[in-house]
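Some notes on the structure that comes next.
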Amino acid sequence: MADRSDYPPFVAACWTRLLRTAYLLVQDWPTAEDLTQAALVKAWLAWPRLDGDPEAYVRKIIVTTHVSWWRRRGRRGELTTGQPPEPPGAASDMDAVDDRDAVWRALGRLPAGQRAVVVLRFFEDLTEAQIAGVLGCSVGTVKSQTSRALAKLRIDDTLMPAPTER
């Protein structure tokens, strides 16, 4: 039987970062936990063969599994949910939350590949070469996907600043 004694400490050390990556991709905590666990199961099976950076390997599994789930569901739009009621008098505190929510929703409207590149680049702070390794594509593809994603975010009406009154 292969030696997997270093696997539990790896999971304990990386769980939070891996879960955050999954959450940024799927935008739902229960689904992010499922995605992270599915990736860790796949990593467990491959553990004896892994050398180098196992966290990058698991991150790649998370991204590819997410894209696979997304394609299988055929989901191209966003899910609609009810909005929680605003507490009285919270309008001034809610401005920052509204801005973050608008960015969050705009990110959710990006195609899965573009969203993965943006998450890995700007939330996980990976280099273009590292992202290319995670996604199994060229650095040029990472650059073009990043450019397309940022172009879409720049023209997203929900991210436009409100007109100022004179």
Per-pair calculated FRET efficiency, R0 = 35 Å: Ala129 and Arg154 via Cβ, rounded to 0.05: 0.90
Hey, how many Å between the Cα centroid of region 107-166 and the Cα centroid of region 42-72? 21
Counting Lys and Arg as +1 and Asp and Glu as -1 over every other residue whose Cβ sits under 12 Å from the Cβ of Gln145, the net charge comes to +4
Global geometry of region 97-161, whether rounded, prolate or oblate, following the gyration tensor of its Cα atoms and the 1.5 cut on a/c: prolate
Kindly write out, for region 122-133 in residue order, the coupling ³J(HN,Hα) from the Karplus curve 6.51 cos²θ - 1.76 cosθ + 1.60 (θ = phi - 60°), rounded to whole Hz, with x marking Gly and Pro. 9, 9, 8, 6, 8, 6, 4, 5, 5, 5, 4, x
Based on the Kirkwood radius over alpha-carbon pairs, what value in µm²/s does the Stokes-Einstein equation return for the translational diffusion coefficient of region 1-71 at 25 °C and 0.890 mPa s? 201
Net charge contributed by nearby residues that have their C-beta within less than 14 Å of Asp3 (K/R +1, D/E -1): 0
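Quick note: the coordinates plus some simple rules give every number you see, no bench work behind them. Given the structure is predicted, the values throughout are model-derived calculations rather than measurements. As a convention, Cβ positions derive from the backbone with ideal geometry for all residues, glycine included, and neighbour counts pool all protein chains shown.
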